[in-house]
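K.L.:
Dropping a structure here in structure tokens format, bear with me for questions.
The values are calculated or read from the model by the stated rules, or taken from the named source; none is laboratory data. Everything numeric in this text was worked out from a predicted model, so none of it was measured. Here Cβ is always computed from backbone atoms with ideal geometry, including for glycine, and neighbour counts include all displayed protein chains.
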Amino acid sequence: MTSPETPVETCDRLIVGGPVITLDGEDRVFSHGAIAITGTTIAAIGEAAELEARFSPRETLRAEDCIVLPGLINSHNHTPLTIVRGMIEDRNFAPSYTSGIPAVHSLSFEDTLALARLGCYEMLRSGSTTVVDYFRCPKALAIAASEMGVRAVIGGRIHDADTEALAQGRYEHRPEIGNATLKETFDLIEDPLLKGNDRIRVDFAPHAADTCSKALLTEVAGLVSRHGGNVHTHLAQSPGEVAYVRERDGMAPHEVFADAGLLNSRLIAAHCVFLKPEDVAAVGRAGMAVAHAPHQNVMAGNIAPIRDLEAAGARITLCTDTRSADLFEAMRLAIGSARIRQKGYEPKAPQVLRWATTSAAAALGLDGITGSLEVGKRADLILLDRRQPNLVPLIDGCGIVVYSGHAANVRTVIVDGRVLLEDGRPTLFDGREVARRAQAVAARLWGECGLRPLIAD
Ligand SMILES: [Zn+2]
């Protein structure tokens, strides 16, 4: 308790809750909590009455009608591929392997930027404060994340397979393609845009073991050992990938990563669906992280063996990949699909909420910065409107968020102490204009594929 003699401290902003779910080491939850923010950092966290007596804030954010949570972390995305959303799900499993869709491999910089802004805006609107995003034109992705204020790990999509041949079902590896895609990552690392911006990090992101030759993956491993950060990829996403790699290299995709020097705790691999038990044991032993994409899994009809991966030592994070950016939906799908895939396995709400927060932060090497609400960490947090009917009744906190919450409940998003979303509206940019421009790009490019879009912009 604060004694009358305690000097009143200043802070920039005091958020007065509402229940505060910290996800700290002790799993503390305050029913009437508060968070004091100074600069970019959480200065104090505790009961509202205590912090209101202790702090004289420059600004108070009344959030009694909200649930306060750590910002969510979406661990694997390609924002320009929002262009295929709602159009590809009935056609094939992934854009890189599909013909008859807009030429996502040769999007102009401006078109990429318009789509990256849409994808990044959607993630922010859905409560993600940290996003991983990689694709061609990584500078466009970095610009979008920088403009919107989110924390981001950005990569250029590295591969040496010819994408046009791939869309026709043929693998043709060319070193010049590998060099060109590596150059996009090198250029971004050197780009003045990122100087002094500690919210955005550049990582290496080789697309997959089938679209990268072993020589290219080995080269990436050498670069990563000097540069640091994570390595992001797709692993065992399809039977076709596994079969081709076995034919090309005589081994499973994860073994190609191991041979190249990339199968270790730096690796964050999306999907991990088509793994044999011995493969699961190997990737688990390596301490690799899985970017689990349950929405993708469910729609493709194949579920990653998450229970076995976790039991083997792999760390689990959650992502939405090219689907709806609603991580609340992803949490539910992760639980439901796990229960179908492995009978008797019942991941619980608190565990899955950690996949989308603390576990992802640790996998990204950002656990000293974000993922939970703790003194000294950056103020990355979200406020959910608990008066919306789907968040009632609020009894234990965690269950209602995971089993009934959705992106539209996100009212406020704060990153590095800065309010990026207020009453559902972005503060740094015009969200309606971002959506309009992305619609115009998508309508034009789908039109060029012979479809007549419902609406132009
Ligand atoms: Zn992906």
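K.L.:
Farther than 30 Å from Pro350 by Cβ, small (Gly, Ala, Ser), within 16 Å of the ligand (Cβ to nearest atom) and modelled with pLDDT of 95 or more: is that true of Ala116 in this structure?
P.N.:
When the stated conditions are applied, Ala116 passes them.
K.L.:
Does Ala442 fit the bill of being closer than 18 Å to Ala325 by Cβ, out of contact with any His (no Cβ under 8 Å at 6 or more places or on another chain), surrounded by 17 or more Cβ atoms within 10 Å (Cβ to Cβ) and not aromatic (Phe, Trp, Tyr)?
P.N.:
The answer is yes for Ala442.
K.L.:
Given Asp12, Asp27, which one is part of a loop (DSSP other than H, G, I, E, B) and not small (Gly, Ala, Ser)?
P.N.:
Working: Asp12 fails: part of a loop (DSSP other than H, G, I, E, B).
From the options Asp12, Asp27, the qualifying one is Asp27.
K.L.:
Confirm whether Asp111 is in the same structural domain as Tyr244 (by TED's automatic domain parsing) and either in a strand (DSSP E or B) or surrounded by fewer than 20 Cβ atoms within 10 Å (Cβ to Cβ) (or both). Step through it out loud before you land on a result.
P.N.:
Values: in the same structural domain as Tyr244 (by TED's automatic domain parsing): yes; either in a strand (DSSP E or B) or surrounded by fewer than 20 Cβ atoms within 10 Å (Cβ to Cβ) (or both): no.
Judged against the criteria, Asp111 is not a match.
K.L.:
Suppose the filter is of a type outside the set (S, T, N, Q), over 25 Å from Arg266 (Cβ atoms) and either within 16 Å of the ligand (Cβ to nearest atom) or assigned to a strand (DSSP E or B) (or both); does Ile67 pass it?
P.N.:
Details: of a type outside the set (S, T, N, Q): yes; over 25 Å from Arg266 (Cβ atoms): yes; either within 16 Å of the ligand (Cβ to nearest atom) or assigned to a strand (DSSP E or B) (or both): yes.
Criteria met by Ile67.
K.L.:
Ok, one more. State whether one or more residues within the range 93-102 are within 14 Å of the ligand (Cβ to nearest atom), surrounded by 21 or more Cβ atoms within 10 Å (Cβ to Cβ) and not in a loop (DSSP other than H, G, I, E, B).
P.N.:
yes
K.L.:
Please state which one of Asp133, Asp65 is of a type in the set (Asp, Glu) and crowded, with 18+ Cβ neighbours inside 10 Å. Walk me through it before giving the result.
P.N.:
Numbers: Asp65 fails: crowded, with 18+ Cβ neighbours inside 10 Å.
Selected residue: Asp133, the only one of Asp133, Asp65 that is of a type in the set (Asp, Glu) and crowded, with 18+ Cβ neighbours inside 10 Å.
K.L.:
So how many residues does the range 289-308 have that are assigned to a loop (DSSP other than H, G, I, E, B) and more than 16 Å from the ligand (Cβ to nearest atom)? Spell out how you get there, then give the answer.
P.N.:
Taking the range 289-308 and keeping what is assigned to a loop (DSSP other than H, G, I, E, B), we get 293, 301-305.
From the residues that got through so far, the ones that are more than 16 Å from the ligand (Cβ to nearest atom) too are 301, 303, 305.
The number of residues fulfilling the criteria is 3.
K.L.:
Might you check whether a residue that is under 25 Å from the mean Cα position of the chain (by Cα) and farther than 18 Å from Thr112 by Cβ occurs anywhere in the range 143-151?
P.N.:
Quick first cut of the range 143-151, residues under 25 Å from the mean Cα position of the chain (by Cα) only: 143-151.
Remaining after also requiring farther than 18 Å from Thr112 by Cβ: 149, 151.
Yes.
K.L.:
Next up: Which helices (runs of 4 or more DSSP H) does the range 313-370 wholly contain that include 1 or more residues that are in contact with a His (Cβ under 9 Å, 6 or more places away or on another chain) and within 30 Å of Thr41 (Cα to Cα)?
P.N.:
Working: elements: 327-341, 349-355, 358-363.
In the range 313-370, the matching helices (runs of 4 or more DSSP H) lie at 327-341, 349-355.
K.L.:
For the subset of the range 231-255 comprising residues that are away from the ligand (no atom under 16 Å from the Cβ) and under 18 Å from Pro305 (Cβ atoms), which member is surrounded by the most Cβ atoms within 10 Å (Cβ to Cβ)?
P.N.:
From the range 231-255, those away from the ligand (no atom under 16 Å from the Cβ) are 239, 242-252, 254-255; that's our starting set.
From what is left, the residues that are under 18 Å from Pro305 (Cβ atoms) are 239, 242, 252, 254-255.
Details: Pro239: 11, Val242: 22, Ala252: 22, His254: 25, Glu255: 18.
Here the answer is His254.
K.L.:
Also, I was wondering about something else. For the range 221-237, name all the residues that are over 21 Å from the mean Cα position of the chain (by Cα) and under 21 Å from Asp279 (Cβ atoms). Even if it seems obvious, please write down each step before you answer.
P.N.:
Taking the range 221-237 as the starting set, the residues that turn out to be over 21 Å from the mean Cα position of the chain (by Cα) are 221-223, 225-227.
Hit for the range 221-237 is Ala221, nothing else.
K.L.:
Counting just the residues of the range 256-278 that are charged (D, E, K, R) and surrounded by fewer than 20 Cβ atoms within 10 Å (Cβ to Cβ), which one comes out nearest to Ala291 (Cα to Cα)?
P.N.:
Restricting attention to the range 256-278, the residues satisfying the condition of being charged (D, E, K, R) are 259, 266, 276, 278.
Now narrow it down to the ones that are surrounded by fewer than 20 Cβ atoms within 10 Å (Cβ to Cβ): 259, 276, 278.
Values: Asp259: 21, Lys276: 18, Glu278: 20 Å.
Residue satisfying both the conditions and the ranking: Lys276.
K.L.:
What do you reckon, is Glu374 in contact with an Asp or Glu (Cβ under 8 Å, 6 or more places away or on another chain) and in a loop (DSSP other than H, G, I, E, B)?
P.N.:
Numbers: in contact with an Asp or Glu (Cβ under 8 Å, 6 or more places away or on another chain): yes; in a loop (DSSP other than H, G, I, E, B): yes.
Here the answer is yes, as Glu374 does meet what is asked.
K.L.:
Now, a different point. Within the bounds of the range 51-62, is there any residue that is away from the ligand (no atom under 16 Å from the Cβ), in contact with an Asp or Glu (Cβ under 9 Å, 6 or more places away or on another chain) and part of a loop (DSSP other than H, G, I, E, B)?
P.N.:
The initial filter retains those residues of the range 51-62 that are away from the ligand (no atom under 16 Å from the Cβ), namely 51-62.
Narrowing the set further to residues that are in contact with an Asp or Glu (Cβ under 9 Å, 6 or more places away or on another chain) leaves 54-60.
Remaining after also requiring part of a loop (DSSP other than H, G, I, E, B): none.
No; the residues of the range 51-62 include none that is away from the ligand (no atom under 16 Å from the Cβ), in contact with an Asp or Glu (Cβ under 9 Å, 6 or more places away or on another chain) and part of a loop (DSSP other than H, G, I, E, B).
K.L.:
Among the candidates Ile158, Ile83, Ile143, which residue alone is more than 21 Å from Leu267 (Cα to Cα) and within 15 Å of the ligand (Cβ to nearest atom)?
P.N.:
Checking each option against the conditions leaves just Ile83.
K.L.:
Among the numbered criteria (1) within 16 Å of the ligand (Cβ to nearest atom); (2) over 21 Å from the mean Cα position of the chain (by Cα), which one does Pro277 miss?
P.N.:
(1)
K.L.:
Please pick out the residue among Thr112, Thr60, Thr129 that is touching a strand residue (DSSP E or B) at 6+ places or on another chain (Cβ under 8 Å) and free of Cβ contacts under 8 Å to residues at least 40 places away in the same chain. Give the steps one after another, and end with the answer.
P.N.:
Working: Thr60 fails: free of Cβ contacts under 8 Å to residues at least 40 places away in the same chain; Thr129 fails: free of Cβ contacts under 8 Å to residues at least 40 places away in the same chain.
Testing whether each residue is touching a strand residue (DSSP E or B) at 6+ places or on another chain (Cβ under 8 Å) and free of Cβ contacts under 8 Å to residues at least 40 places away in the same chain leaves just Thr112.
K.L.:
Let me ask something else. For the range 190-216, how many residues meet the condition of being at pLDDT 95 or above, over 20 Å from the mean Cα position of the chain (by Cα) and under 16 Å from Gly155 (Cβ atoms)?
P.N.:
Qualifying residue count, the range 190-216: 5.
K.L.:
Please go through the range 305-350 and pick out each residue that is over 24 Å from Ser372 (Cβ atoms), under 19 Å from the mean Cα position of the chain (by Cα) and of a type in the set (D, E, K, R).
P.N.:
Listed by number, the residues that qualify are Asp321, Arg323.
K.L.:
Also: Of all residues in the range 151-181, count the ones that are touching a strand residue (DSSP E or B) at 6+ places or on another chain (Cβ under 6 Å) and either buried (at least 20 other Cβ atoms within 10 Å of the Cβ) or free of Cβ contacts under 8 Å to residues at least 40 places away in the same chain (or both). Lay out the reasoning, then the answer.
P.N.:
Here is the first cut: in the range 151-181, the ones touching a strand residue (DSSP E or B) at 6+ places or on another chain (Cβ under 6 Å) are 151-155, 157-158, 160-161, 171, 173, 181.
Then keep just the ones that are either buried (at least 20 other Cβ atoms within 10 Å of the Cβ) or free of Cβ contacts under 8 Å to residues at least 40 places away in the same chain (or both); that gives 151-155, 157-158, 160-161, 181.
Result for the range 151-181: 10.
K.L.:
List pairs: first residue in the range 208-237 and under 12 Å from Gly178 (Cα atoms), second residue within 13 Å of the ligand (Cβ to nearest atom) and among the acidic types (Asp, Glu) anywhere in the structure, Cβ distance under 9 angstrom, at least six positions apart or on different chains.
P.N.:
Qualifying pairs under 9 Å: Thr211/Glu241.
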